[in-house]
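Asks: Following this message is one structure expressed as structure tokens.
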Protein chains: 2
Amino acid sequence: MAKYTIGLDYGTNSVRAVLVSVANGREVATSTWTYEHGRQGVILSRDPNLARQHPADYLKGAEITIKAVLKAARRKSKNFKASDVIGIGVDTTGSTPLPVDADGTALALKKRFANNPAAMAWLWKDHTGVAEAAEITALARRLRPHFLAKCGGTYSSEWYFSKVLHCLRTSPKVFDAACMWVEIADWIPAELTGTTALDKLRVGVCAAGHKAMFNSQWGGYPDKRFLRKLDPKLAELRDRLPAEAYTIDKPAGRLTSDWAKRTALPVGIPVAVGAFDAHLGAVGAGVGPGTLVKIIGTSTCDIMVHPARKPLADIPGLCGQVEGSVIPAAIGLEAGQSAVGDIFNWFVNYIQPGGKTAGSHEALTAEAKKLKPGESGLVALDWNNGNRTILVDQRLTGLILGQTLYTTPAEIYRALIEATAFGALTIINRLEEYGVKVRQVVNCGGIAEKNPLVMQIYADVTGRPMKISRSGQTCALGAAIAGAVVAGSRAGGWSSVRAAQKAMTGLKSRVFEPNPSAHKIYSELYALYRQLHDAFGTGEWSGGCHNVMKRLLEIRAKVR
Amino acid sequence: MAKYTIGLDYGTNSVRAVLVSVANGREVATSTWTYEHGRQGVILSRDPNLARQHPADYLKGAEITIKAVLKAARRKSKNFKASDVIGIGVDTTGSTPLPVDADGTALALKKRFANNPAAMAWLWKDHTGVAEAAEITALARRLRPHFLAKCGGTYSSEWYFSKVLHCLRTSPKVFDAACMWVEIADWIPAELTGTTALDKLRVGVCAAGHKAMFNSQWGGYPDKRFLRKLDPKLAELRDRLPAEAYTIDKPAGRLTSDWAKRTALPVGIPVAVGAFDAHLGAVGAGVGPGTLVKIIGTSTCDIMVHPARKPLADIPGLCGQVEGSVIPAAIGLEAGQSAVGDIFNWFVNYIQPGGKTAGSHEALTAEAKKLKPGESGLVALDWNNGNRTILVDQRLTGLILGQTLYTTPAEIYRALIEATAFGALTIINRLEEYGVKVRQVVNCGGIAEKNPLVMQIYADVTGRPMKISRSGQTCALGAAIAGAVVAGSRAGGWSSVRAAQKAMTGLKSRVFEPNPSAHKIYSELYALYRQLHDAFGTGEWSGGCHNVMKRLLEIRAKVR
């Protein structure tokens, strides 16, 4: 009797449900639904830093996509029964916190706040809290440097407390009406299981640890004295924050009868504690000690794990180091590049080079493929959206260097790909410098699957084979794996994440091997990339250019 | 009785004749003819550094265009008679030297060498002599530093001796067959006047001084001992080089009866000593002490004069300082930017941004005009074709910095315009640092006339009014002015260049005044431009990035 779990993957524009066979990870049915609110699910304003989502979309999307995959599975196999679904897992974007009342009801679902963006979910890419992030970073640097040591030295404007504090400062009515702020990674499983109330809510260590400085070493969330210095109301909020945070092998609760009715799933099946898409994506790609999983999309997330029993230094410039954030009993290491596919998309969609026909990704890739490494004389920095790792600085911008009067769009396109590869290598080097050996690299995401040139350049630049995850939906698969683990082996699931991964994940047969001669040239080019990286990205040596990009942004802010 | 002179302007792709009224500079008739040989007059090869011209084109072009302007003038006015033409002036590209035999016959016109590119004119932009230029520079730096002090510290691959020495090394048969190498600025007037033979040839101080290190202070051309160290055959050539070099107010000779027959011009009218297009262009734009003339085309030439009686230091980084090279009794100062219009053309023609319709110069200019200074957050370097002044370094390349995921083609286009304006300001600043006060800036060339946005940005960046020359053909007008001066006042011409300029040149009424608030922002942006300029362009401070562009070019040369 085959058993199944469902992975619910909440992205920026849509939610995807994937129904997975617990035995082998086969994806039986998939359904996606684009959020209704805003522009493709994102509510914008005149402030370019603002990006919100309406929580109603999360609930409606769960119902629609779950029903759709069940229907599709029944269509495919007459033997399939919804009662063979034994668990659910959820992954989401993050940090995407949402203000809720004491019952855990999202404020945005109440009439009073229905159209107030401050009462909605503050999407990961909302940067309205830039000033608050700087304030938190400065305070922590002075009083709690150990907080920052676990998150790359800078607390980001994308993260929980920056957003909460910005709301407190700019929309006090919303802040005062909120009893709590819950990451949607926690809120959605709680909604499915009727555990949104403060006394029942189980939050995941992934979101809490990576975005809200939760660490059991210092007693969970940041202490009240620290938060009081930011604002007394934050200290009051601290009293309502949970004391515990959980790994994905723990259930958030059990599916309510209401949700069972709405979806036709069995009542009471466990829903795993939620986690972020990249972290569960790494699980779905087979992450384990020594394996770097790169999830390459518009940006990248780079995920590794390090056994919790082995010592590990704080790695400067990494986005986060959180025990249990990926798999239990291992420190989850998160790094990333702020833009990868987005840089290629910028060039194709904004610059539109080569006229309409010659400027598609396909055409530029075909032309760029003909070029040899170093042949263009170009080198670029991959900072069009700032630098997440290892500089942790959003106020950095792009750079292209080496143009002549004959430089072609394909040369620039290739230089942009190479820039992202150099950025990837910089992350690998940083991990290894601090003793986290990278024994294999597994890529997933659309670019990894669809653009062999990108993968070959990554192999040539890093000098390492590039492997591709078998699943094209590793995030949802990772969530389904969590669902299989919380279901447990007695129900036909698995007893551990490791066991579930072994059965349910795999690699594609095609491996991109590095070409030694290309790697040699790229090593020379990387030295130049690194020189520019340090000159523009760090203030470490006098005479650098670290001020240039920031001055331009200051001038721009002044004249706009 | 109105008198006329003809200016012959030899460009890269075509020759233009302009028939000008001596009284007021009015351009009565114009004719252009595109050279027949090669690709639009330029003979190319697989070596991208090679660019030659066939001298037959110069002679045929003179005949065709002179006949055409006389015909057009007769059509316009029944009173016009060819006998009212009292003189001719010639300007050409340069350094464009040509090997000739003892009679001054171009080797390329002989059957034996008819198809040998080495026997043709080595066009200004021929860079085959890069290695020889480096050799000459190194030798001069060691033994004759004063040679380099007058030409910006580096002897260019574009210049006379680099080309002659390269021919000696790579095409010894041509070199051995040549008695002399003559700049086309000297050879064309000599052909018109039958003075090509070594004992009759009069060379201009413009070409000799700016491109062949001729200086009366050290006895004319470089001394034999110096040239012998480069090659003994160069020392032998030195014996055949003329002892004198002349200013444009001196005749090269008088029109031969053969040329009078071919053109219907009066026999015996004087032809002025030739000079380069930029220098005569400055004359045609009204250059005099305190006036900077900018000739803005694909690249720019910036010309000033400094009274010979007033002391002047050697100005580092200037292309040349040569007494009499522009007007008599004044030191001609030549600076320039290696690419201006060419950078905009690169973006439009190679990158083709915005699809076919949105990417024209007109469309990008219209969009770029809507932007405020500093609004794009971009800054660029104008080095896609190297830097002629003040760094004198062809091994520099372009740089664009500050891109985000939303940067538009118009923002980049404007940043490229601004980069060339910053380059222009850098030249002005260098001149003033060395005591050459710039009291007014007169622009000419297609971009100055046709793109008000460029002129406004130049005004805003430099904080100076931008004036435009009245004539759209200042080079040919300058040549016609030289023709009027060698004709002399008795024949109805003028007694001096100054007097002729006063009568024959002028400015347009529209002046681009700097906007103070834009200038303030641009002063901040210029500080960043200058920081990048020094970081990438000079090795003056440790920790700079001066190696980056050169290393990329080395790697590129290696892999190609």
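The values are calculated or read from the model by the stated rules, or taken from the named source; none is laboratory data. Here the structure is a predicted model, which is why all the values come from computation and not from measurement. We place every Cβ from the backbone using ideal geometry, glycine too, and count neighbours over all the protein chains shown. We work out accessible area using only protein heavy atoms, side chains counted, and drop any ligands, DNA or RNA first. Shrake-Rupley method; radii C 1.70, N 1.55, O 1.52, S 1.80 Å.
Asks: To check you understand DSSP bridge types, tell me what percent of the beta bridges within chain B (both residues inside) are antiparallel, rounded to 5.
Replies: Just about 70 percent of them are antiparallel.
Asks: Express the Stokes-Einstein translational diffusion coefficient of region A:498-559 in µm² s⁻¹, to the nearest whole number, given a Kirkwood radius over alpha-carbon pairs, 4 °C and a viscosity of 1.567 mPa s.
Replies: 81
Asks: Report ³J(HN,Hα) in whole Hz for each residue of region A:314-328, in order, from the Karplus equation J = 6.51 cos²θ - 1.76 cosθ + 1.60 where θ = phi - 60°; Gly and Pro get x.
Replies: 5, 9, x, x, 6, 5, x, 9, 9, 5, x, 6, 10, 10, x
Asks: Expressed in whole Å with the largest first, what are the equivalent ellipsoid semi-axes of region A:189-254 derived from the C-alpha gyration tensor as the square root of 5 times each eigenvalue? Let's see the in-between values first.
Replies: Details: eigenvalues 109, 39, 13 Å².
Semi-axis lengths for region A:189-254 are 23, 14, 8 Å.
Asks: Copy-to-copy spacing for B:Asn115, label 7 Å out on the Cα-to-C-beta vector, in nm, shortest first?
Replies: 8.1
Asks: Strictly greater than 14 Å: what percent of every Cα pair in region A:271-362 meets that?
Replies: 68
Asks: Suppose all protein chains stay in the model; what accessible area per residue would a 1.4 Å probe give for region B:282-404, in Å²?
Replies: Values: 3590 Å² over 123 residues.
Roughly 29 Å² per residue, with all protein chains present.
Asks: For a 24 Å ceiling on Cα separation, which of these pairs sit above it: B:Lys81/B:Lys450; A:Lys78/A:Lys450; B:Lys261/B:Lys502; B:Lys3/B:Lys71?
Replies: Cα-Cα > 24 Å for B:Lys81/B:Lys450; A:Lys78/A:Lys450; B:Lys261/B:Lys502; rest within.
Asks: Please express the shape of region A:385-477 as an equivalent ellipsoid: the semi-axes are the square roots of 5 times the eigenvalues of the C-alpha gyration tensor, given largest first in whole angstrom.
Replies: Details: eigenvalues 119, 70, 38 Å².
Largest first, region A:385-477 gives 24, 19, 14 Å.
Asks: Could you check the simple spin-label distance between A:Asn13 and A:Arg395, using points 7 Å along Cα→Cβ, in nm with one decimal?
Replies: 3.2
Asks: Probe 1.4 Å, all protein chains in place: accessible area of A:Trp124 in Å², nearest 10?
Replies: 50
Asks: Still on this structure, please answer the following. Measuring from the lowest to the highest alpha carbon on each principal axis, how far does region A:233-304 reach, largest first, in angstroms?
Replies: 42, 40, 26
Asks: Give me the percent of accessible area attributable to carbon and sulfur for chain B, probe 1.4 angstrom. Spell out each step's value before the answer.
Replies: On the way: 10140 of 20130 Å².
C and S fraction of accessible area: 50 percent.
Asks: Hey, can you grab everything whose amide H is under 5 Å from the amide H of B:Leu255? Only 5+ residues off in sequence or another chain; H modelled, so Pro and N-termini drop out.
Replies: B:Gly268, B:Ile269, B:Val271
Asks: Also: To the nearest 100 Å², how much accessible surface do chains A and B cover up together, summed over both, with a 1.4 Å probe?
Replies: Approximately 5000 Å², summed over both chains.
Asks: Residue-wise, which Karplus ³J(HN,Hα) couplings in Hz belong to region A:403-420, taking 6.51 cos²θ - 1.76 cosθ + 1.60, θ = phi - 60°, and x for glycine or proline?
Replies: Coupling constants for region A:403-420: 5, 10, 7, 10, 4, 9, x, 5, 5, 5, 4, 5, 4, 5, 4, 4, 4, 5 Hz.
Asks: Which value in deg cm²/dmol, rounded to the nearest 500, describes the helix-derived mean residue ellipticity at 222 nm for chain B, given -39,500 (n - 2.57) per DSSP H run of n ≥ 4 and division by the residue count?
Replies: -12000 deg cm²/dmol
Asks: Rule-of-thumb check for region B:1-145: C-alpha Rg over 2.2 N^0.38 Å?
Replies: Scaled against compact globular proteins, the figure is 1.30.
Asks: So for region B:269-427, what are the equivalent ellipsoid semi-axes in whole Å, largest first, each being the square root of 5 times an eigenvalue of the Cα gyration tensor?
Replies: Its equivalent ellipsoid spans semi-axes of 35, 17, 13 Å.
Asks: Could I ask something else about it? For B:Lys558, which aspartates and glutamates qualify as cross-link partners when the Cα separation must be under 16 Å and same-chain residues fewer than eight apart are set aside?
Replies: Once the sequence-local aspartates and glutamates are set aside, what remains near B:Lys558 is A:Glu375, A:Glu524, B:Asp47.
Asks: Name the long-range amide H neighbours of B:Tyr4: under 5 Å, sequence gap of 5 or more, or other chain; modelled H, no Pro or chain starts.
Replies: Distant-sequence amide H within range of B:Tyr4: B:Val22, B:Val85, B:Ile86.
Asks: Let me ask you something else. For region A:501-518, take each phi angle, set θ = phi - 60°, evaluate the Karplus expression 6.51 cos²θ - 1.76 cosθ + 1.60, and give the result in whole Hz per residue in order, putting x for glycine and proline.
Replies: Whole-Hz 3J(HN,Hα) from phi for region A:501-518: 4, 4, 7, 9, 10, x, 10, 6, 6, 6, 10, 8, 8, x, 8, x, 6, 5.
Asks: If DNA, RNA and ligands are ignored and the probe is 1.4 Å, what is the ranking of B:Leu109, B:Leu265, A:Leu553 by accessible area, most exposed first?
Replies: Result of the area sort, largest leading: B:Leu109, A:Leu553, B:Leu265.
Asks: Quick check: convex hull of the Cα atoms in region A:408-560, volume per residue, rounded to a whole Å³?
Replies: Each residue corresponds to 195 Å³ of Cα convex hull volume.
Asks: Taking the alpha-carbon centroid of each part, what is the distance from region B:94-151 to region A:5-65 in angstrom?
Replies: 69
Asks: On to the next question. What Kirkwood hydrodynamic radius, in Å, does region A:137-186 give when the mean of 1/r is taken over all pairs of distinct Cα atoms and then inverted?
Replies: 12.2
Asks: Could you size up the charge dipole of region B:422-472 around its Cα centre, putting +1 on the beta carbon of Lys and Arg and -1 on that of Asp and Glu, and report it in debye to the nearest 20?
Replies: Details: 7 positive and 4 negative charges, 38 e Å.
Here region B:422-472 has a charge dipole of around 180 debye.
Asks: Here's another thing I want to ask about it. Put +1 on the Cβ of each Lys and Arg and -1 on the Cβ of each Asp and Glu in region B:265-383; which of B:Pro373, B:Val322, B:Pro266 then has its Cα farthest toward the positive end of the dipole?
Replies: Going by the charge dipole, the pick is B:Pro373.
Asks: In nm, give the distance between the simple-model label positions of A:Lys508 and A:Gln440, each being 7 Å from the Cα along the Cα-to-Cβ direction.
Replies: Between A:Lys508 and A:Gln440, the label points sit 1.6 nm apart.
Asks: Separate question: What fraction of the Cα pairs in chain A, stated in percent, has a spacing above 42 angstrom?
Replies: Percent of Cα pairs beyond 42 Å in chain A: 18.
Asks: Label-point separation (nm) for A:Glu432 and A:His146, each offset 7 Å from Cα along Cα-to-Cβ?
Replies: 3.2
Asks: Moving on to the next point. Here is the link list: A:Lys224/A:Lys310; B:Lys150/B:Lys310; B:Lys125/B:Lys310; A:Lys250/A:Lys467; A:Lys60/A:Lys211. Which ones come out longer than 28 Å on Cα distance? Mind dumping the intermediate values first?
Replies: Working: A:Lys224/A:Lys310 31 Å; B:Lys150/B:Lys310 16 Å; B:Lys125/B:Lys310 34 Å; A:Lys250/A:Lys467 30 Å; A:Lys60/A:Lys211 26 Å.
As for pairs spanning more than 28 Å Cα to Cα, those are A:Lys224/A:Lys310; B:Lys125/B:Lys310; A:Lys250/A:Lys467.
Asks: Please calculate the 1.4 Å probe accessible area of B:Met549, with all protein chains present, and give it to the nearest 10 Å².
Replies: For B:Met549, the solvent-accessible surface is approximately 0 Å².
Asks: If I take every Cα pair under 8 Å that is 6 or more residues apart in chain B, average their sequence separation and divide by the length, what percent do I get for the relative contact order?
Replies: Reported as a whole number, the value is 15 percent.
Asks: Something else about it: Can you figure out the FRET efficiency of B:Lys450 with B:Arg560, using R₀ = 30 Å and their beta-carbon distance, to the nearest 0.05?
Replies: 0.25
Asks: Looking only at Cα atoms, what is the convex hull volume of region B:419-461 per residue, in Å³?
Replies: Per residue, the Cα convex hull of region B:419-461 comes to 71 Å³.
Asks: Something else: Tell me, what is the FRET efficiency for B:Thr34 and B:Lys261 to the nearest 0.05, using R0 = 35 angstrom and their Cβ-Cβ distance as r?
Replies: Efficiency, from the Cβ-Cβ distance: 0.90.
Asks: Between A:Glu183 and residues 5 or more places away or on another chain, which pairs have amide H atoms under 5 Å apart, with H built 1.01 Å from N, and which residues are they?
Replies: Those lying under 5 Å, H to H, from A:Glu183 are A:Leu98.
Asks: Sort shortest first the distances from B:Gly219 to its counterpart in every other copy, using label points 7 Å along the Cα-to-beta-carbon line, and give them in nm.
Replies: 9.2
Asks: When only alpha-carbon atoms are used, what values of Rg and Dmax, in angstrom, describe the protein assembly as shown?
Replies: Both quantities, over Cα of the protein assembly as shown: 36.4, 117 Å.
Asks: Here's a follow-up. Mark the label point 7 Å from the Cα of A:Ala131 along Cα→Cβ and return the residues of region A:205-239 whose backbone N is within less than 15 Å of it.
Replies: A:231
Asks: If every alpha-carbon in region A:140-276 counts as one equal scatterer, what log10 I(q)/I(0) does Debye give at q = 0.20 1/Å?
Replies: For the requested q values the scattering log ratios are -1.19.
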